[in-house]
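Notes to accompany the following structure.
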Amino acid sequence: MFGDLRYRLIDLARGTDSVGLLASLRRWQYESPQALAERSAQALAQYFAELRREVPMFADVARFQDLPVLDKQFINKHREALMNRHYKGKPVRKKTGGSTGEPLVYYTGALSQSYLWAGLFLAWEAAGYRLGDRVAFLAGSSLFGTGYKQRIYYQLLNVTVMSAFDLSAAQMSTYADALKTQGFSLLYGYASAIHRLARHALDGGGTLKTRLRAVVCTAEMLTPQMRADIEAAFGVPCYSQYGCNDAGVSAFECEHRNGFHLLSTRSHSEVLEGGRLISTDMSNRAMFMPRYDTGDLVRMSGRICPCGRGLPLIDEVVGRQNDMVSDPQGASVHSEFFTHMFREDPRIQSFQIVFDATALVINVHGAALTASEQQALAAPYLERIRASLRFPEMRFEFNQPYLIQANGKHRFVLRRPKC
């Protein structure tokens, strides 16, 4: 009851209803696929009718599927034309980090903000969370804000923020001590940051004895090796969550951890050729962004999960469209090329690929190796990579600091910025 009250106070301050929506989502998630599809179809019809009425450039489009696929550049250029002038409420300004190229500035409304938090709570509940439980955030600017209002919200949420911008050995020891002593029920944050904390504990010769019920990773790819390390370090199940809030996408692993349940009552999703995920946030009536290209590649499933949820199931989030390595001759491979190549090698715990027109550098993290052991590890992989890509220089590095984005995220593949 106290946890419920905390969140109702936040809803009151924000003008949202995440608690009420969460109660609905708890029921809806177990409806049949047919009932959920009908619920989504009705929401899409209402959205499309309002879109045609409020956005003149789409007034003459007869069918939703005839709308163009929108990208960040189009939305930034036509932002004013996409705003809903009759929206009753205060639009909330949002900005993406620009990790896929051009940053996106857009606006969202109360229902979409309610879905943001209700979807997050639903994902946490699948991992054993209860409203009011103490949560640790290990992340950067894409997951938490700054300022006095945010600090008040986090206090009401019972959330403690641990910054992913400082993951020195000393700071990770401080985080580990807090997790052991401060009674957190859930650890939530960037997959790479949580993995680094897990490796810090394992490399120190032990595990972290905490009161955690689960770890939930988001914002980045969670590889099988990363999940195994995290579970070994914390002694609890590790879950993955997938979201793209600008597109209204919110999906989570249930207790079976075999795919992501997509909240189809919020977003209308389409998967185009090559696995491109196109999504419409039907809950955002402050600004219309229909058929928005998320930049993500997914593989949908026709399976029904044994958990009984009727929500559509994403088998795999493959990565982002720009998670491609392209050599000077135009040959390309996706980051999954490296993930699959390295995933069975116990010597490699994580990696990052950094490239430009002159060089491809593979920075792998793992146990300390001698020079001869490093050479023995790298040689067969370089031979395999050279069969697909050609760079003037190609080399391995070992346990060098990763290049981190401005928001604290770690990307598996980075094109080296031009100086």
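The values are calculated or read from the model by the stated rules, or taken from the named source; none is laboratory data. The shown structure was predicted, so the numbers you read here are calculated from the model rather than taken from an experiment. Neighbour counts are summed over all protein chains in view; Cβ atoms, including those assigned to glycine, are modelled from backbone coordinates with ideal geometry. Calculation scope for accessible area: heavy atoms of the full protein, side chains included, ligands and nucleic acids excluded. Shrake-Rupley method; radii C 1.70, N 1.55, O 1.52, S 1.80 Å.
Shown for the stretch 1-60: the carbon plus sulfur share of the solvent-accessible area, taken with all protein chains present and a 1.4 angstrom probe, equals 56%. Dipole magnitude for the stretch 211-366: about 600 debye, using +1 per Lys or Arg Cβ and -1 per Asp or Glu Cβ, origin at the Cα centre.
Distant-in-sequence amide contacts of GLY366, defined by a placed amide H-H separation under 5 Å and a gap of 5 or more residues or a different chain, comprise GLN349, ASN399.
The heavy atoms of GLU38 offer some 100 square angstrom of accessible surface to a 1.4 angstrom probe.
If you take the Cα centroid of the stretch 67-131 and the Cα centroid of the stretch 202-217, the two points sit 33 Å apart.
Dipole check for the stretch 203-268: with +1 at the C-beta of Lys and Arg, -1 at the C-beta of Asp and Glu, and the Cα centre as origin, the magnitude is about 260 Debye.
For ALA228 and GLU273, the difference between the fully extended length at 0.36 nm per residue and the C-alpha to C-alpha distance is 13.0 nm. Determine how large the accessible area of PHE260 is when every protein chain is in place; take a 1.4 Å probe and give Å² rounded to the nearest 10. About 20 Å², ignoring ligands and nucleic acids. At a Förster distance of 25 Å, what's the computed FRET efficiency of ARG85 paired with ALA41, Cβ-Cβ distance as r, to 0.05? The computed FRET efficiency comes out at 0.40.
Computed with a 1.4 Å probe over protein heavy atoms only, the accessible surface of the chain comes to 45 Å² per residue. Since only LEU25, PRO68, LEU12 are under comparison, the one whose Cα sits farthest along the positive direction of the charge dipole of the stretch 1-101, derived from C-beta charges on Lys, Arg, Asp and Glu, is LEU12. Of all DSSP bridge pairs formed entirely within the stretch 148-307, close to 65 percent run antiparallel. In the stretch 199-279, the alpha-carbon atoms span a convex hull of 116 Å³ per residue. One decimal place: the segment TYR30-GLU383 gains 122.1 nm when fully extended, by the rule 0.36 nm per residue minus the C-alpha distance. With Rh defined as the Kirkwood radius, the inverse of the mean 1/r over Cα pairs, the Rg/Rh of the stretch 270-410 is 1.06.
Within the accessible area of the stretch 263-320, the carbon and sulfur atoms contribute 52%, probe 1.4 Å, all protein chains present.
Across the stretch 115-130, rounded Karplus estimates of 3J(HN,Hα) from the backbone phi angles (6.51 cos²θ - 1.76 cosθ + 1.60, θ = phi - 60°) give 5, 3, 7, 4, x, 5, 4, 4, 4, 5, 4, 5, 9, x, 6, 10 Hz, Gly and Pro being marked x.
For ASP356 and HIS78, the FRET efficiency from 1/(1 + (r/R0)^6), where r spans their Cβ atoms and R0 equals 56 Å, is about 0.95. Name the shape class, rounded, prolate or oblate, that the alpha-carbon gyration tensor gives for the stretch 248-308, where a ≥ b ≥ c are the square roots of its eigenvalues, rounded holds for a/c under 1.5, and otherwise prolate holds if a/b is larger than b/c and oblate otherwise. Oblate is the answer for the stretch 248-308, as a/c is 1.5 or above yet b/c matches or exceeds a/b. Would you kindly find the accessible area of LEU116, with a 1.4 Å probe and non-protein molecules such as ligands, DNA and RNA excluded, rounding to the nearest 10 Å²? Counting only protein heavy atoms, LEU116 exposes about 50 Å² to solvent. What the Cβ-Cβ distance of ILE152 and LYS95 gives, at R0 = 22 Å and to the nearest 0.05, is a FRET efficiency of 0.50. Put a plus charge on the Cβ of each Lys and Arg, a minus charge on the Cβ of each Asp and Glu, and nothing anywhere else: the dipole of the chain about its Cα centre is then about 1120 debye.
Summed over qualifying helices (DSSP H, 4 residues or more, each -39500 (n - 2.57)) and divided by its residue number, the chain shows a 222 nm mean residue ellipticity of -10500 deg cm²/dmol.
In summary, the stretch 1-66 shows an alpha-carbon radius of gyration equal to 1.58 times the 2.2 N^0.38 Å reference for compact globular proteins.
The 1.4 Å probe gives accessible areas that order ASP293, ASP203, largest first, as ASP203, ASP293. Residue ranking by accessible heavy-atom surface, 1.4 Å probe, largest first, among VAL317, VAL354 comes out as VAL317, VAL354.
In the chain, one over the average inverse separation of all distinct C-alpha pairs is 22.8 Å, which is the Kirkwood hydrodynamic radius.
Ranked by solvent-accessible area (1.4 Å probe, protein heavy atoms only, all chains present), the residues LYS149, LYS95, LYS88 order from largest to smallest as LYS88, LYS95, LYS149. Counting only DSSP beta bridges whose two residues both lie in the chain, roughly 60 percent are antiparallel.
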